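Colleague: I'd like to ask some things about the structure below.
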């Protein structure tokens, strides 16, 4: 058994929470503890038979099975799902990168529930009434456990997916420094509100990091934007100005220009130039304004700041 | 909490050191007004790098300071607005319109150099 | 996890306090830098409204979890002033990717 897995897949010791006052539940918890070895083995065997957790080795399955089993019994005993939730999250964090899927996790928890239920059947089969009462005590608890583990796993999976999506988004929109004090932000594809916000953040941080005075935002590759994103674009220009940088928008299609006009943007105030090349030239002009004469300077209609 | 104001040639630099209360901001306004008059400063830099939030009151006051100083013959530039702060400001509709802004102290000085040289018949 | 913070707002001094508390709570809830600042700024405005238009008020900030979208977390900010007339309820819900 790998030491690493062992260290993390620890049995979580009983908390100080009150143990269940239900004598039946306590009796069955005792039964489950007594038969721990055998029941756990049976469960691990059924997992393999059902061809679940194929991404893990036999030893790993056994190690995790041990922890899940112990946590399961503990929850039955204390009624507290917090420890189980913590364990389930931890387990999910470890197995998701290994490619374990939702149906597998749900599958193994249900198998455990069955293995334990059958064990209870066997023990109390002679007394039908008692068996019923035992099952009445066991079932709601067992179902809650199955639910908790499955939900934790799914939530963790969704979190990982979102993280990956964001990483992809970030990679796909670099802020490029091409000259000193000049940044170019080429935007490609459809932008939603969340991505727009992410772009703004990257741009503003880029302005600070690169000490940019001019930013050329090229939206040639953006087919269309909705009003929310259009508003956002305007806000980005304003926020950049607050940081002392002026923004030149290039690649503004007729359609997007129309949307901007519709939301009330004064296009003459927004520094829009035809294409990226033209935008860069304009930017260089803006950056070079220190070397031109005062007379020429007064003819410049577009100033970097108020 | 008083904001220290340094004199650098024809400019004044007000460097905000910590979060300002409303009263502190008004105090800053009064101090700058007095000093600009006293030194006949041509430009004022207000460094807000340290501020983690610039709300409507701060925006109104900074704007008021800029306009007041303009009447006394000085250009104002606000420097050091952080990315997060700039973003929050525009989300809340606070744009500091009509007030000069620059990235940092160095840029602020450059800004003032240009702005103050433009004035016709301006004494050096 | 149920974090709830209440702040009384009476004068300008309390605005900063409310803002700082909101900032702390937002950080605790795992919001990123930009969102934290936005939340703090929003609280500042809301607190300022109380100070400007009412004698006093209370701002309550708590975490909320959506049942949809895989349990996304958010922050709820409710401002109630004790000025004459209508209670002022401003609710800001930002979402977080976790």
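The values are calculated or read from the model by the stated rules, or taken from the named source; none is laboratory data. All values derive from a computational prediction rather than experimental measurement. Note: ideal-geometry Cβ built from the backbone for every residue, glycine included; neighbour counts use all protein chains shown.
Colleague: Identify all residues within the range B:73-98 that are at pLDDT 95 or above and within 14 Å of the chain's Cα centre (by Cα); write none if there are none.
Modeller: B:74, B:75, B:76, B:77, B:78, B:79, B:80, B:81
Colleague: List the number of the failed condition for residue A:18; all other conditions in (1) touching a helix residue (DSSP H, G or I) at 6+ places or on another chain (Cβ under 6 Å); (2) under 30 Å from residue A:132 (Cα atoms); (3) modelled with pLDDT under 85 hold.
Modeller: Tallying (1) touching a helix residue (DSSP H, G or I) at 6+ places or on another chain (Cβ under 6 Å); (2) under 30 Å from residue A:132 (Cα atoms); (3) modelled with pLDDT under 85, residue A:18 fails exactly one: (1).
Colleague: Another question, if that's okay. Which of the numbered conditions does residue A:116 fail, given that it passes all the others? Conditions: (1) within 17 Å of the chain's Cα centre (by Cα); (2) farther than 14 Å from residue A:147 by Cα; (3) crowded, with 17+ Cβ neighbours inside 10 Å.
Modeller: (1)
Colleague: Let me ask something else. What are the residue pairs meeting all of these: first residue in the range A:242-255, first residue at the interface with chain B (Cβ under 10 Å from one of its Cβ atoms) and on the phi > 0 side of the Ramachandran plot, second residue in a loop (DSSP other than H, G, I, E, B) and at pLDDT below 90, Cβ atoms under 7 Å, and 6 or more apart or on different chains?
Modeller: Between residues of the range A:242-255 that are at the interface with chain B (Cβ under 10 Å from one of its Cβ atoms) and on the phi > 0 side of the Ramachandran plot and residues that are in a loop (DSSP other than H, G, I, E, B) and at pLDDT below 90, the close pairs are A:244/A:305.
Colleague: I've got another one for you. When the range A:139-178 is examined, which residues are found to be surrounded by 15 or more Cβ atoms within 10 Å (Cβ to Cβ), modelled with pLDDT under 80 and either within 13 Å of another protein chain (Cβ to nearest Cβ) or under 28 Å from residue A:121 (Cβ atoms) (or both)?
Modeller: A:169
Colleague: Give me the pairs: first residue in the range A:43-66 and more than 21 Å from residue A:87 (Cα to Cα), second residue surrounded by 14 or more Cβ atoms within 10 Å (Cβ to Cβ) and at pLDDT 90 or above, beta-carbon distance under 6 Å, and six or more apart or on different chains, which are they?
Modeller: Between residues of the range A:43-66 that are more than 21 Å from residue A:87 (Cα to Cα) and residues that are surrounded by 14 or more Cβ atoms within 10 Å (Cβ to Cβ) and at pLDDT 90 or above, the close pairs are A:46/A:111.
Let's see how each residue does on (1) modelled with pLDDT of 85 or more; (2) out of contact with any strand residue (DSSP E or B) (no Cβ under 9 Å at 6 or more places or on another chain):
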position: A:239; (1), (2): yes, yes
position: A:243; (1), (2): yes, no
position: A:273; (1), (2): no, no
position: A:288; (1), (2): no, yes
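Colleague: Could you tell me whether any residue of the range B:69-80 is outside any strand (DSSP E or B), touching a residue at least 12 places away in the same chain (Cβ under 8 Å) and within 11 Å of chain A (Cβ to nearest Cβ)? So that I can check it myself, show each step before the final result.
Modeller: So the first thing to find is which residues in the range B:69-80 are outside any strand (DSSP E or B), and the list is B:69-74, B:80.
Adding the requirement that they be touching a residue at least 12 places away in the same chain (Cβ under 8 Å) leaves B:69, B:72-74, B:80.
Filter once more, keeping what is within 11 Å of chain A (Cβ to nearest Cβ): B:80.
Within the range B:69-80, one or more residues are outside any strand (DSSP E or B), touching a residue at least 12 places away in the same chain (Cβ under 8 Å) and within 11 Å of chain A (Cβ to nearest Cβ).
Colleague: Something else about it: Scan the range A:222-232 and give yes if some residue there is within 21 Å of residue A:189 (Cβ to Cβ) and at pLDDT 90 or above, otherwise no. Lay out the reasoning, then the answer.
Modeller: Of all residues in the range A:222-232, those within 21 Å of residue A:189 (Cβ to Cβ) come to A:222-232.
Then drop every residue that is not at pLDDT 90 or above, which leaves none.
No, the range A:222-232 contains no residue that is within 21 Å of residue A:189 (Cβ to Cβ) and at pLDDT 90 or above.
Colleague: Still on this model: Looking at the range A:209-216, is at least one residue free of Cβ contacts under 8 Å to residues at least 60 places away in the same chain and at the interface with chain B (Cβ under 9 Å from one of its Cβ atoms)?
Modeller: Looking for residues that are free of Cβ contacts under 8 Å to residues at least 60 places away in the same chain and at the interface with chain B (Cβ under 9 Å from one of its Cβ atoms), one finds at least one in the range A:209-216, hence yes.
Colleague: Can you name the residue in the range B:99-124 that is more than 20 Å from residue B:48 (Cα to Cα) and facing chain A (nearest Cβ under 8 Å) and is also modelled with the lowest pLDDT among such residues?
Modeller: B:118
Colleague: Of the conditions (1) within 14 Å of the chain's Cα centre (by Cα); (2) touching a residue at least 12 places away in the same chain (Cβ under 8 Å); (3) assigned to a helix (DSSP H, G or I); (4) within 14 Å of chain B (Cβ to nearest Cβ), residue C:51 clears all except one; give me its number.
Modeller: Evaluating residue C:51 over (1) within 14 Å of the chain's Cα centre (by Cα); (2) touching a residue at least 12 places away in the same chain (Cβ under 8 Å); (3) assigned to a helix (DSSP H, G or I); (4) within 14 Å of chain B (Cβ to nearest Cβ) leaves (1) as the failure.
Colleague: Has the range A:256-273 got at least one residue that is in a loop (DSSP other than H, G, I, E, B), surrounded by 15 or more Cβ atoms within 10 Å (Cβ to Cβ) and within 12 Å of chain B (Cβ to nearest Cβ)? It would help to see each step written out before you state the result.
Modeller: Here is the first cut: in the range A:256-273, the residues in a loop (DSSP other than H, G, I, E, B) are A:263-271.
With surrounded by 15 or more Cβ atoms within 10 Å (Cβ to Cβ) added as a condition, the list becomes A:265, A:270-271.
Okay, now just the ones that are also within 12 Å of chain B (Cβ to nearest Cβ), so none.
No, the conditions are met nowhere in the range A:256-273.
Colleague: Restricting to the range B:36-60, and then to whatever is surrounded by fewer than 18 Cβ atoms within 10 Å (Cβ to Cβ) and assigned to a helix (DSSP H, G or I), can you tell me which residue is nearest to the other protein chains (Cβ to nearest Cβ)?
Modeller: Going through the qualifying residues, I end up with B:56.
Colleague: Would you confirm whether any residue within the range B:75-87 is surrounded by fewer than 17 Cβ atoms within 10 Å (Cβ to Cβ) and touching a helix residue (DSSP H, G or I) at 6+ places or on another chain (Cβ under 7 Å)? I'd like the intermediate steps shown before the answer.
Modeller: Initially, the range B:75-87 is screened for residues surrounded by fewer than 17 Cβ atoms within 10 Å (Cβ to Cβ), giving none.
The answer is no; no qualifying residue exists.
Colleague: Test residue C:44 against the criterion of being within 11 Å of chain B (Cβ to nearest Cβ), exposed (fewer than 15 other Cβ atoms within 10 Å of the Cβ) and in contact (Cβ under 8 Å) with a residue 24 or more places away in the chain, and give yes or no. Let's see the steps before the verdict.
Modeller: Values: within 11 Å of chain B (Cβ to nearest Cβ): yes; exposed (fewer than 15 other Cβ atoms within 10 Å of the Cβ): no; in contact (Cβ under 8 Å) with a residue 24 or more places away in the chain: yes.
Considered against the rule, which asks whether it is within 11 Å of chain B (Cβ to nearest Cβ), exposed (fewer than 15 other Cβ atoms within 10 Å of the Cβ) and in contact (Cβ under 8 Å) with a residue 24 or more places away in the chain, residue C:44 comes out as no.
Colleague: So residue A:108 fits all but one of (1) assigned to a loop (DSSP other than H, G, I, E, B); (2) surrounded by 20 or more Cβ atoms within 10 Å (Cβ to Cβ); what number is the exception?
Modeller: Going through (1) assigned to a loop (DSSP other than H, G, I, E, B); (2) surrounded by 20 or more Cβ atoms within 10 Å (Cβ to Cβ) one by one, residue A:108 breaks only (1).
Colleague: Considering each of B:6, B:12 in turn, give the residue that is more than 10 Å from every other protein chain (Cβ to nearest Cβ), in contact (Cβ under 8 Å) with a residue 12 or more places away in the chain, touching a strand residue (DSSP E or B) at 6+ places or on another chain (Cβ under 9 Å) and in a strand (DSSP E or B).
Modeller: Numbers: B:6 fails: in contact (Cβ under 8 Å) with a residue 12 or more places away in the chain.
The conditions single out B:12.
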